[in-house]
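First the structure, in the form of structure tokens, and then the observations on it.
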Amino acid sequence: MSKNVIRRKSLEPRSPSEADRDGGVQSVDRALSIIETLAEDDEGYRLSDLAVRTGLSASTVHRLLATLESRRFVQFDRAESKWHVGVRSFTVGASFARRRNFSAQAIPYLRKLRDLTRETANLAVVDDEFIIVLTRLESREIMRSLTKVGGRVAMVTSGVGKAVLATYSDEDVGAVIRHHGMPRLTEKSLVRPSDLFKELEKIRKQGYALDDEEACMGLRCIAAVVYNDCAEPLAAISVSGMTSRLTDDRLPEIGQIVRDVASELTVALGGAMP
């Protein structure tokens, strides 16, 4: 009897081993890393450059790219021998914006913000303690955009991020700092928690935040929070432009405009001011 039992067990399908499961998870992680890297540069990457950027072997990158290409998550430009993000990556990513269905409703307010200030108007949300730019209306003036639509930026290095952080408790702000640090992107970046806490207190009093060349020299950003119906931060809007146009004497006026438009959008979305 015992021999029969053992024999029957030997004929049963074997479950995937721990190593197989780990290998599958690793492949998914590597494939997502490739897509994220491709999304960083609209110019695309050659296979060898992509391998260097991801820290993977060229053979591994090529194998994963072939699979991603078959699902249209990446595409290959044969003329330039470069890989780019594919249409499926766009459609999947677009669902993020659709889920936040206030984006379309925000467009008239972003247009008003752009026209009143003559600067680029942005709408952004927080995702996993990072700022994600949902949409942007470009200024008619010369502009260098630091973060493209869909791009991620650390909260402590951006105007919209600091505007949202100003609604957090000191404990929650401290947690963000512990998780992501305070990177020095320019000589004007805030790199000490005490300086950030002081800045957040100023933001709470004046109702808008300022990124004063802290993420990129020559660029300023003025931001204010849009609230949901529980008076919690839903999103943030901002204007960004070159310091030659966003001069010191214009900051209070533009800050007031951004704050007012953020309040109007809050009301339009059924939100409540704190």
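Since every read-out is calculated from the coordinates, none of them should be taken as a lab result. This structure is a prediction, so every number in the text was calculated from the model and none was measured. Using ideal geometry, Cβ is built from the backbone for each residue, glycine included, and neighbour counts are taken over all protein chains shown.
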TODO: Taking the Cβ of residue 169 as the centre, find all other residues whose Cβ is under 13 Å away and add up their charges (Lys, Arg: +1; Asp, Glu: -1).
DONE: -4
Task: Neighbourhood charge, 15 Å Cβ-Cβ cut-off, centred on residue 157 and excluding it, Lys, Arg +1 and Asp, Glu -1 - done: -2
TODO: Could I have the simple spin-label model distance between residue 256 and residue 26, label points 7 Å from Cα toward Cβ, reported in nm to one decimal?
DONE: 6.1 nm
Task: Computed E for residue 48/residue 175 - FRET, C-beta separation, R0 41 angstrom, nearest 0.05 - done: 0.55
Task: Under 11 Å, Cβ to Cβ, from residue 196 - net charge with Lys/Arg +1 and Asp/Glu -1 - done: -1
Task: Separation between Cα centres of the range 34-87 and the range 240-274, rounded to whole Å - done: 39 Å
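Relative to the present Cα-Cα distance, how much length would full extension add between residue 77 and residue 248 at 0.36 nm per residue of separation?
On the way: separation 171, 0.36 × 171 = 61.56 nm, distance 4.57 nm.
Result for the pair: 57.0 nm of gain on full extension.
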